[in-house]
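This report concerns only the one structure given below.
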Number of protein chains: 2
Amino acid sequence: MKKIGILGGGQLGRMLLQAAINYPVETYVMENDSNCPAAHLCNHFVEGDITNYQAVYDFGKQLDAITIEIEHVNEDALAQLEAEGVQVFPSAAALKIIKNKIAQKEFYQLHGIPSSEFIVTQTIADLQQHLSFLPAVHKLNAGGYDGRGVQVIKSASDIEKGFNAPAVLEKLVDIKKEIAIIVAVNSKNETAIYPAVEMIVNKDLNQLDYQLCPADIAEKTLWTAEAIALKVVKELKSPGIFAVELFVDTNNVVWVNETAPRVHNSGHHTIEGNFSSQFDMLWRVMLDYPLGSTEILFPSALINIVGEANYTGPAKFEGLEDILKIENAFVHLYGKSTTKPGRKMGHVTIISKEKQELIHQAQRVRHGLKVVS
Amino acid sequence: MKKIGILGGGQLGRMLLQAAINYPVETYVMENDSNCPAAHLCNHFVEGDITNYQAVYDFGKQLDAITIEIEHVNEDALAQLEAEGVQVFPSAAALKIIKNKIAQKEFYQLHGIPSSEFIVTQTIADLQQHLSFLPAVHKLNAGGYDGRGVQVIKSASDIEKGFNAPAVLEKLVDIKKEIAIIVAVNSKNETAIYPAVEMIVNKDLNQLDYQLCPADIAEKTLWTAEAIALKVVKELKSPGIFAVELFVDTNNVVWVNETAPRVHNSGHHTIEGNFSSQFDMLWRVMLDYPLGSTEILFPSALINIVGEANYTGPAKFEGLEDILKIENAFVHLYGKSTTKPGRKMGHVTIISKEKQELIHQAQRVRHGLKVVS
């Protein structure tokens with residue numbers, strides 16, 4: 001059996017291991033918390049720091065292949081492992097490009113991939129030089145995750161919210177739709193592209209309400225988005241699975257927002273919604289199996305279950321019973337014992353052929369299920 | 001989090017734990033082999049003998065609830081745990097009835113549940129007294145599993161194949177169809193019944209070719225079968241999940257063959273084929289969640305992947321790549337490193353709205369995938 005390791009033991013690792021159960025593979029996880037969501041679901045759990053060179057190298061040295069569930073890992077160790085013959089998904093080079101926002105934006109620019117105009121900044125003072133560039137989004141070069149490390153700078157008065165560290169200032173796109181496209185690439189360079197997903201954002205709260213799949217966009221726009229997603233992946237020159245997040249602006253122009261070189265929140269609906277889920281697909285890539293089918297079984301909505309504001313402590317799921325009664329709802333809770341405001345605690349997928357039913361049940365879940373303590 | 005244990009760590013435990021990943025639960029498994037398919041997928045693995053009173057009692061004492069993936073466990077320990085407040089699925093009393101073929105047949109008789117006529121035998125010599133009762137099936141009272149402990153006695157010359165131990169001799173039913181119906185029962189005595197499954201048997205080899213769901217039987221026959229399955233479960237008076245195997249004879253009369261008080265091979269297709277799988281359903285029962293929906297998402301075929309005759313040793317899956325290329329095939333391999341003739345090594349589920357497509361792909365899998373060493 002092939003020995004394959006995952007750096008990181010959160011919900012993405014957990015769902016990866018859930019999919020691994022279908023295949024013959026010996027699984028390894030490294031994370032610094034032995035109570036993390038994935039720790040008890042692998043053959044071998046190693047407590048360790050995924051950002052530490054020696055820890056990652058020692059963990060990877062015993063493996064045939066290694067993947068990540070978070071970008072913030074030691075990519076120098078991955079590069080060394082790659083040089084020594086361990087298969088790395090995504091490649092250390094691709095990870096390096098994506099991990100740093102500056103390198104990622106320069107990568108898009110270099111390859112003519114449409115992505116909003118940007119300026120590299122080193123300090124908050126730099127922002128003062130670019131008032132005419134506003135409104136814009138300031139993104140920390142390294143270390144941002146799940147919304148942290150991102151600030152909207154609409155005008156001079158917002159500048160204090162910016163980062164006093166290497167960052168990119170991206171021109172604000174006049175967004176009509178936010179979509180995401182997941183693409184898998186195997187070691188033979190074959191690709192499989194998933195149908196686009198659409199994010200329904202609550203503009204008042206600037207929060208994701210829910211996701212819909214397939215995205216409701218014009219066919220020509222979709223073709224452009226798919227072509228761009230494939231171009232991103234082609235230029236990254238790496239096997240693995242990639243989530244390309246895109247904007248469609250009010251003129252129907254498509255822009256890449258950013259890319260994640262791993263399984264991604266925007267692909268969770270594929271567990272029930274598609275023949276081969278994003279998790280299944282990554283195992284197929286890593287085990288040198290044929291790519292799976294990305295065809296849709298049912299249109300779906302996906303709702304993230306996040307920790308309610310003002311609650312920190314042992315998690316309680318209020319309203320869970322009602323949600324479990326919804327015939328076409330699939331509940332996924334991540335086994336995190338402690339809730340914090342905004343912490344991803346689970347998700348619910350709704351499947352239905354009727355869009356109105358998807359939206360109705362998504363709203364019911366969104367408002368009916370609360371994580372408190 | 002509720003602490004729930006499973007006695008047995010084979011593929012049924014493995015798939016149960018796969019479904020548990022969606023819910024907050026602390027899982028325990030006891031099995032005498034630390035390399036069994038389920039050992040690495042639980043929070044706490046205990047190496048121990050599931051037929052030993054003290055081992056089962058000690059394992060169960062720390063739990064809120066306990067279930068089984070095989071009947072051959074120590075039911076006296078389960079009865080004691082039940083008396084001490086541990087929830088047991090199925091109840092020790094129901095398990096005791098089902099575990100012994102004599103008690104099971106007497107149970108059907110007592111409750112007027114149609115099941116073929118039978119005679120209790122203690123020795124092979126007893127069979128000689130009942131030549132006029134042949135053709136019949138001889139079933140060992142205790143310890144049979146997966147086809148072992150069952151012999152067809154067509155005439156006097158087969159008597160030597162019988163069992164020289166307590167057993168039942170059941171009149172052979174003139175089978176037109178073999179079907180199975182899975183029923184879940186929660187602690188409030190609510191039930192959920194799955195659509196019937198039909199076994200397609202290769203009569204030359206007396207082997208299961210594949211299963212189809214839904215079963216292709218007349219509506220009236222189906223209603224009778226469902227009523228009988230519900231009656232079996234009602235009289236067992238136990239929460240849990242039950243697979244009722246039935247025969248439809250050439251006169252369209254329905255007979256119970258036998259019942260399993262646990263998740264069952266005939267329900268594996270529910271992972272992809274139904275809203276709530278049999279594994280998901282049992283967790284709902286054990287976690288006191290609402291029952292899930294048993295509605296069909298897609299008609300399905302299920303093919304068992306068993307070890308090829310004449311091969312014993314490290315398992316190799318010949319033809320696996322071709323099967324993984326079938327868009328609508330879902331491959332489940334159980335992580336058993338060693339193959340033996342007839343050993344269940346995995347299964348494949350096909351989904352399609354077209355019955356011909358189900359049969360076509362089922363045959364392709366049946367003949368295209370071989371477990372050798």
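Roughly speaking, what is the stretch gain from A:Glu190 to A:Asp76, that is 0.36 nm per residue apart minus the C-alpha to C-alpha distance, in nm to one decimal?
Values: separation 114, 0.36 × 114 = 41.04 nm, distance 2.66 nm.
Between A:Glu190 and A:Asp76, full extension yields an extra 38.4 nm.
Report, in listed order, any pair from A:Lys325/B:Lys3; A:Lys176/A:Lys203; B:Lys336/B:Lys370; B:Lys96/B:Lys237; A:Lys340/B:Lys2 with a Cα-Cα distance greater than 18 Å.
Numbers: A:Lys325/B:Lys3 23 Å; A:Lys176/A:Lys203 12 Å; B:Lys336/B:Lys370 14 Å; B:Lys96/B:Lys237 12 Å; A:Lys340/B:Lys2 21 Å.
Listed pairs above 18 Å: A:Lys325/B:Lys3; A:Lys340/B:Lys2.
For a footprinting-style exposure proxy, rank B:Val73, A:Val150 by other Cβ within 10 Å, fewest first.
Details: B:Val73 23, A:Val150 17.
Ordered from fewest to most neighbouring Cβ atoms within 10 Å, B:Val73, A:Val150 come out as A:Val150, B:Val73.
DSSP beta bridges in the protein assembly as shown, what fraction antiparallel, as a percent rounded to 5? Each step should come with its number before you reach the end.
Details: 124 of 160 bridges.
Once the DSSP bridges in the protein assembly as shown are tallied, antiparallel ones form about 80 percent.
Would you mind getting me the FRET efficiency between B:Val253 and B:Ser132? Use the beta-carbon distance for r and R0 = 22 Å, nearest 0.05. Kindly include the intermediate steps, with their values, before the conclusion.
On the way: r = 22 Å, r/R0 = 0.98.
That pair, B:Val253 with B:Ser132, gives E of 0.55.
First check a/c for chain B, with a ≥ b ≥ c the square roots of the eigenvalues of its C-alpha gyration tensor; if it is under 1.5, answer rounded, and if not, answer prolate when a/b is larger than b/c or oblate otherwise. Could the numbers behind the result be given before it?
Values: a/c = 1.29, a/b = 1.07, b/c = 1.21.
Taking the square roots of the gyration eigenvalues as a ≥ b ≥ c, chain B is rounded.
From the label point of A:Asn252, set 7 Å along Cα to the beta carbon, how far off in nm is each other copy's matching point, shortest first?
Label-point distances to the other copies, shortest first: 5.9 nm.
Defining the label point at 7 Å along Cα→Cβ, can you sort the distances from B:Gly319 to the same site in each other copy, shortest first, in nm?
So the distances to the same position in the other copies read 5.0 nm.
Measuring from label point to label point, each 7 Å out along Cα→Cβ, what is the B:Asn52 to B:Lys353 span in nm?
Once both label points are built, they end up 5.6 nm from each other.
Stretched out fully, how many nm does the piece from B:Ala125 to B:Ala227 gain, at 0.36 nm a residue minus the Cα gap? Can you show the working numbers first?
Numbers: separation 102, 0.36 × 102 = 36.72 nm, distance 3.81 nm.
Taking 0.36 nm per residue and subtracting the Cα distance, the gain is 32.9 nm.
Averaged across B:22-30, how many Cβ atoms of other chains sit within 10 Å of each residue's Cβ atom?
On the way: counts 11, 7, 11, 2, 3, 2, 0, 0, 0.
Shielding by partners across B:22-30 averages 4.
Report the calculated FRET efficiency for A:Asp158 and A:Glu321 (r = Cβ-Cβ distance, R0 = 35 Å), to the nearest 0.05. Could the numbers behind the result be given before it?
Working: r = 43 Å, r/R0 = 1.23.
Working from the Cβ atoms, E equals 0.20.
Between copies, how close do the B:Lys220 label points come, placed 7 Å along Cα→Cβ, listed in nm from shortest?
The projected label point of B:Lys220 is separated from its counterparts by 6.2 nm.
Just so you know, all these numbers are worked out from the coordinates, no wet-lab data involved. Only a predicted model underlies this, so the values are computations on that prediction, with no experimental measurement involved. Every residue, glycine as well, gets a Cβ built from its backbone with ideal geometry; the counts of neighbours run over all protein chains shown.
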